[in-house]
Amino acid sequence: MLVLSYILQGFLVFIFCFTIFVAFIHRSKREPGEMHEAYSNEIIDNPTTDNKSVYEQATKIANQLYYGKNEKYATKARDMYISVYNEVKDIDDVIIYNSGGFGWADFKVVPAWPTIMKGIQEIIESHGETTKVLNYFRTYGNFWSAKTESDVMTGDNPYKSDELSGIINILLDNTDCKIILTGESQGAGQCEFISQRFKDEERVFSIQTGSPFWNLSKPHERSIVINNNGDHPDTFAHGDWSTIIKINAKKILHRHMTVSEGDIFTVFSAPGHYYSWDHPVVRTKVTEFVESKILKLK
């Protein structure tokens with residue numbers, strides 16, 4: 001079993017490195033993501049509307065992103081935009097989650113962020129506002145889909161940010177809801193990139209944990225980035241590769257290290273790269289942000 005474990009870890013490292021390498025030599029295929037109801041993981045699928053403004057805006061944005069590449073994809077993106085509008089048009093606070101890793105994780109496999117999400121909802125709903133949590137699947141569980149995340153890291157292809165920005169624009173133009181972008185790790189990087197586009201829009205907020213070390217953007221007043229869970233500084237967020245290498249070496253040798261660990265793309269362990277509502281620092285910072293920023297806007 002020990003040998004098998006080493007082989008599996010080596011294989012995962014190879015796949016991770018190979019994916020990054022291919023990002024430099026091959027552009028990804030553009031393919032629309034999906035918006036899921038976060039807790040049930042059901043796809044939001046209700047693309048019928050009598051709202052002419054929503055239909056025309058959704059069609060225009062989808063065509064700009066996909067029509068020249070694939071008419072079927074343009075239709076799928078349009079239907080996603082309309083479905084999201086139908087799902088949240090009467091909601092006060094829409095919370096959109098961006099998972100870490102390659103962007104296809106649902107709440108069943110995300111270890112701790114659902115506890116933070118529940119905390120955010122409880123605070124908001126205690127003030128009489130309604131909430132809805134959506135999970136944005138940027139990619140799907142295959143190699144070429146995962147490669148779109150590598151393109152983001154190399155700055156080659158920002159169309160996933162354009163896609164989610166399209167949803168935000170439709171909601172801003174056609175509803176009165178506040179929009180809260182949330183995310184962890186690579187998903188946090190996506191959140192920050194998008195939130196910077198809407199930094200002058202008072203109804204768009206962002207809550208992030210474990211933002212990647214390559215994300216150098218400074219959060220604006222309606223954005224919070226938490227890179228320390230209170231137990232240990234986030235080694236991935238701070239680019240502390242010496243510690244990451246040491247912990248993974250000790251993990252292979254079956255030694256124990258008494259720090260909370262997260263992981264990077266499910267391949268490497270990273271001390272501190274783990275956040276939950278049980279961390280007092282996380283709970284306090286998020287609570288203060290929600291109460292002083294989000295709930296302040298009525």
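For the range 45-98, give me each residue that is of a type in the set (Lys, Arg) and either surrounded by fewer than 17 Cβ atoms within 10 Å (Cβ to Cβ) or within 30 Å of ILE123 (Cβ to Cβ) (or both). Give the steps one after another, and end with the answer.
Step one: filter the range 45-98 for residues of a type in the set (Lys, Arg), giving 52, 60, 69, 72, 76, 78, 89.
Listed by number, the residues that qualify are LYS52, LYS60, LYS69, LYS72, LYS89.
Among what's in the range 178-220 and is of a type in the set (D, E, K, R) and touching a helix residue (DSSP H, G or I) at 6+ places or on another chain (Cβ under 8 Å), pick the residue that is surrounded by the most Cβ atoms within 10 Å (Cβ to Cβ).
GLU184
If I filter the range 72-89 for residues that are within 27 Å of SER211 (Cα to Cα), in contact with a strand residue (DSSP E or B) (Cβ under 9 Å, 6 or more places away or on another chain), among the acidic types (Asp, Glu) and not in a strand (DSSP E or B), do I get at least one hit?
Scanning the range 72-89, I find no residue that is within 27 Å of SER211 (Cα to Cα), in contact with a strand residue (DSSP E or B) (Cβ under 9 Å, 6 or more places away or on another chain), among the acidic types (Asp, Glu) and not in a strand (DSSP E or B), so the answer is no.
Go through the residues of the range 232-241 one by one and say whether even a single one is aliphatic (A, V, I, L, M), modelled with pLDDT under 85 and crowded, with 16+ Cβ neighbours inside 10 Å.
Our first condition is that a residue be aliphatic (A, V, I, L, M); within the range 232-241, this holds for 237.
Among the residues that remain, those that are also modelled with pLDDT under 85 are: 237.
Remaining after also requiring crowded, with 16+ Cβ neighbours inside 10 Å: 237.
Yes, there is a match, as at least one residue in the range 232-241 is aliphatic (A, V, I, L, M), modelled with pLDDT under 85 and crowded, with 16+ Cβ neighbours inside 10 Å.
Give me a count of the residues in the range 267-298 that are over 27 Å from ILE244 (Cβ atoms) and in contact (Cβ under 8 Å) with a residue 12 or more places away in the chain.
The number of residues fulfilling the criteria is 8.
Among the listed residues VAL84, VAL54, which satisfies the condition of being closer than 16 Å to LYS132 by Cα, hydrophobic (A, V, I, L, M, F, W, C) and modelled with pLDDT of 95 or more?
Numbers: VAL54 fails: closer than 16 Å to LYS132 by Cα.
Criteria check complete, one pass: VAL84.
Mind counting the residues in the range 37-68 that are outside any helix (DSSP H, G or I) and farther than 26 Å from SER99 by Cα?
Of all residues in the range 37-68, those outside any helix (DSSP H, G or I) come to 37-51, 68.
Subsequent filtering for residues that are farther than 26 Å from SER99 by Cα retains 48-51, 68.
Final tally of qualifying residues: 5.
The values are calculated or read from the model by the stated rules, or taken from the named source; none is laboratory data. None of the values given here were measured: they were computed from a predicted structure. FYI the Cβ positions are ideal-geometry reconstructions off the backbone, even for glycines, and counts take in every protein chain you see.
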